[in-house]
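Below you'll find the structure, written out as structure tokens, and then a few comments.
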Amino acid sequence: MPDCPAVTHVFFDLDHTLWDFDRNAADTLRALHTAYDFGRWFPADAFVTTYTHINHQAWERFHRGLITQTELRGSRFADTFRALGADPARVPVGFGETFIAECSGRAATLPHAHTVLAGLMRRGYRLHIVTNGFRDSQHRKLAASGLAGFFGEVVTTDCAGCAKPDPRIFHHALERTGATPAASWMVGDSLAADARGALAAGWAAGVWFNPAREARPAPEPVTHDIADLRELLKLL
């Protein structure tokens, strides 16, 4: 094992890092498109593509503190219908909650997630989650995907009262786990929220999970960027 004697705690983002949000969301959207007969107004492929784009934009606004959790959850499908030329009033009552419940119960994970987490546990690292998702859905995702048993603490936006990259959520994670900044690594798919956020909070490393191999902006202080989760087993 590489010589990383100071590292004792490894924190992971969940969506897009371990839990395959894109696949699980697309499968859920297609199933609901059929169940609700949305084909009367737009095709399934367009529903998936448009929602994915709008959801990404909504999360960006949430990360920047521009909208609340309620606004995030309440606007996405109305905006999707509107963008597809359908009357947003046609969104079924409670549809957003139905989507969250259905989607968070799906099990797809990113390649090698279970193998890497098991390997890190065998090497003695204590593993935790720090996510900008919300407690109810994130715990369902962890249980459904078989990931729950790998993690000690699960720190969510609503339990911390703030979202990454706010330093307070990283400080809250340390308090919950008893870790120190110097002993902690953060791994996540968001360059700004995960890697930069952890480094700004004084953590030892911010690891950008970058499977698309996007170019790293320069200058960029991120400790590592990885395209495959298995690279963590070479770094730790």
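Which of the residues spanning region 101-123 are within 17 Å of Arg230 (Cα to Cα), open to solvent by 50 Å² or more (accessible area, probe 1.4 Å) and outside any loop (DSSP other than H, G, I, E, B)?
His114, Thr115, Met121, Arg122
Name the residue, out of Leu120, Leu66, that is closer than 22 Å to Asp166 by Cβ, over 18 Å from the mean Cα position of the chain (by Cα) and of a type outside the set (Gly, Ala, Ser).
Leu66
Starting from residues that are assigned to a loop (DSSP other than H, G, I, E, B) and out of contact with any strand residue (DSSP E or B) (no Cβ under 7 Å at 6 or more places or on another chain), keep the ones in region 148-163 and report whichever is most open to solvent (accessible area, probe 1.4 Å).
Applying the filter and picking the extreme gives Gly161.
Looking only at region 107-126, filter to residues that are basic (Lys, Arg) and out of contact with any strand residue (DSSP E or B) (no Cβ under 8 Å at 6 or more places or on another chain); which one of those is nearest to Ala179 (Cα to Cα)?
Arg123
With the requirement that a residue be over 14 Å from Gly133 (Cβ atoms) and in contact (Cβ under 8 Å) with a residue 24 or more places away in the chain, what does region 147-172 give you?
Once the filter is applied, which keeps residues that are over 14 Å from Gly133 (Cβ atoms) and in contact (Cβ under 8 Å) with a residue 24 or more places away in the chain, region 147-172 yields Phe150, Gly152, Glu153, Pro165, Asp166, Pro167, Phe170, His171.
Confirm whether Leu233 is over 21 Å from Ile67 (Cβ atoms), assigned to a helix (DSSP H, G or I) and open to solvent by less than 30 Å² (accessible area, probe 1.4 Å).
So Leu233 fails the test.
If only one of Arg126, Arg168 is in contact with a Cys (Cβ under 6 Å, 6 or more places away or on another chain) and either acidic (Asp, Glu) or open to solvent by 50 Å² or more (accessible area, probe 1.4 Å) (or both), which one is it?
That would be Arg168, the only listed residue that is in contact with a Cys (Cβ under 6 Å, 6 or more places away or on another chain) and either acidic (Asp, Glu) or open to solvent by 50 Å² or more (accessible area, probe 1.4 Å) (or both).
Looking only at region 181-191, which residues are touching a residue at least 24 places away in the same chain (Cβ under 8 Å) and either surrounded by fewer than 16 Cβ atoms within 10 Å (Cβ to Cβ) or part of a strand (DSSP E or B) (or both)?
Ala182, Ser184, Trp185, Met186, Val187, Gly188
If I ask for residues that are open to solvent by 20 Å² or more (accessible area, probe 1.4 Å), hydrophobic (A, V, I, L, M, F, W, C) and either more than 14 Å from Pro92 (Cα to Cα) or part of a helix (DSSP H, G or I) (or both), which ones from region 32-53 would you list?
If the condition is that a residue be open to solvent by 20 Å² or more (accessible area, probe 1.4 Å), hydrophobic (A, V, I, L, M, F, W, C) and either more than 14 Å from Pro92 (Cα to Cα) or part of a helix (DSSP H, G or I) (or both), then Ala35, Ala44, Ala46 are the ones that fit.
Can you name the number of the only condition in (1) open to solvent by 80 Å² or more (accessible area, probe 1.4 Å); (2) part of a loop (DSSP other than H, G, I, E, B); (3) not β-branched (Val, Ile, Thr) that Arg82 fails?
(2)
Taking the options Ala204, Ala179, name whichever one is closer than 20 Å to Leu233 by Cα, more than 19 Å from the chain's Cα centre (by Cα) and not basic (Lys, Arg).
Ala204
Which one of the conditions (1) over 16 Å from the mean Cα position of the chain (by Cα); (2) not in a loop (DSSP other than H, G, I, E, B) does Ala218 fail to meet, given that it meets all the rest?
Ala218 satisfies every listed condition except (2).
Quick check on Thr98: is it over 15 Å from the mean Cα position of the chain (by Cα), within 20 Å of Arg23 (Cα to Cα), touching a residue at least 40 places away in the same chain (Cβ under 8 Å) and open to solvent by less than 50 Å² (accessible area, probe 1.4 Å)?
In short, yes.
The values are calculated or read from the model by the stated rules, or taken from the named source; none is laboratory data. As the structure is a computational prediction, the values presented were derived from the model and not from experiment. Every residue, glycine among them, receives a Cβ derived from its backbone with ideal geometry; neighbour counts consider all protein chains shown. SASA here: full protein model, heavy atoms, side chains in, ligands and nucleic acids out. Shrake-Rupley method; radii C 1.70, N 1.55, O 1.52, S 1.80 Å.
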